[in-house]
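Reviewing the structure listed below.
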Amino acid sequence: MDDIRVRLERDGFALDKEGRISWSNPPVLVRDLSTLSDASVITIELERIRRDLTTDPHGAIGAAKQLIEATAKTALDELKIEVDKNAALPALISTVQKALKLDAGSAPDGPDGSKAVKKILRGR
C-alpha cells in the first residue's frame, strides 16, 4: 500500500486509510476566456465540474457534457452563426466543426496522399 500511496501522491492524489483516492490539489479548470463576448455558461459548467469532481463524479460527467454543449454554442455565437436553441449535441458539434473547417469534408488528404486525417476527424 505504501508503494501505491507514493505513486498516487506523485501524481497529485491522496489515499486515505479506508482506501479512498482523492485529489491533493484539484486541477485548475478555468483558463483565460476574456476574449469571448460571453463566457458565463462555460465558466458555470467549469465550476460545476470542479465542485463535483471529488464528491459527485456522476455530476461532474454530466457537467462535462454540458460544458461541451456550452462551448459549441459559444463558438457558434462568436462566429455569428445562428443555431437552434434546442439542437442536439451531435448537430452542434457538427456545425462547429464545419464552421471551423475541422470536419472530414474540409480536410485535405494527408501529405503522403493518404486519407488518415479524414479518418481521424470522422472518429474512425
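The figures follow:
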| read-out | value |
| --- | --- |
| Within segment 85-99, tally of residues that are basic (Lys, Arg) and assigned to a helix (DSSP H, G or I) | 1 |
| Count - residues of segment 34-69 that are under 18 Å from Leu102 (Cα atoms) and either of a type in the set (A, V, I, L, M) or in contact with a Gly (Cβ under 7 Å, 6 or more places away or on another chain) (or both) | 1 |
| Matching residues, segment 47-59, being open to solvent by 90 Å² or more (accessible area, probe 1.4 Å) and in contact with a Phe, Trp or Tyr (Cβ under 8 Å, 6 or more places away or on another chain) | none |
| Matching residues, segment 50-87, being modelled with pLDDT under 90 and among the aliphatic types (A, V, I, L, M) | Leu53, Val83 |
| Within segment 13-47, tally of residues that are within 21 Å of Ala88 (Cα to Cα) and either of a type in the set (Lys, Arg) or within 11 Å of the chain's Cα centre (by Cα) (or both) | 3 |
| From Lys65, Lys73, Lys80, residue being part of a loop (DSSP other than H, G, I, E, B) and charged (D, E, K, R) | Lys80 |
| Any hit, segment 100-120, residues being closer than 30 Å to Ile4 by Cβ, without any contact (Cβ under 8 Å) to a residue 40 or more places away in the chain and part of a helix (DSSP H, G or I) | no |
| For Lys17: the one exception among (1) outside any helix (DSSP H, G or I); (2) surrounded by 12 or more Cβ atoms within 10 Å (Cβ to Cβ); (3) of a type in the set (D, E, K, R) | (2) |
| Output for segment 21-33, where each listed residue is in contact with a strand residue (DSSP E or B) (Cβ under 9 Å, 6 or more places away or on another chain) and open to solvent by 70 Å² or more (accessible area, probe 1.4 Å) | Ile21, Trp23 |
| Residue satisfying all of: in segment 34-46; assigned to a helix (DSSP H, G or I) and in contact (Cβ under 8 Å) with a residue 12 or more places away in the chain; surrounded by the fewest Cβ atoms within 10 Å (Cβ to Cβ) among these | Ile44 |
| From the options Lys115, Lys73, Lys65, Lys80, residue that is within 28 Å of Ser37 (Cβ to Cβ) and open to solvent by 100 Å² or more (accessible area, probe 1.4 Å) | Lys80 |
| Residues that are touching a Lys or Arg at 6+ places or on another chain (Cβ under 8 Å) and farther than 30 Å from Ser37 by Cβ, drawn from segment 83-112 | Asp109 |
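The values are calculated or read from the model by the stated rules, or taken from the named source; none is laboratory data. Note that the coordinates shown come from a computational prediction; the quantities given were computed from them, not determined experimentally. Neighbour counts are summed over all protein chains in view; Cβ atoms, including those assigned to glycine, are modelled from backbone coordinates with ideal geometry. Note: areas computed on protein heavy atoms with side chains; ligands, DNA, RNA excluded. Shrake-Rupley method; radii C 1.70, N 1.55, O 1.52, S 1.80 Å.
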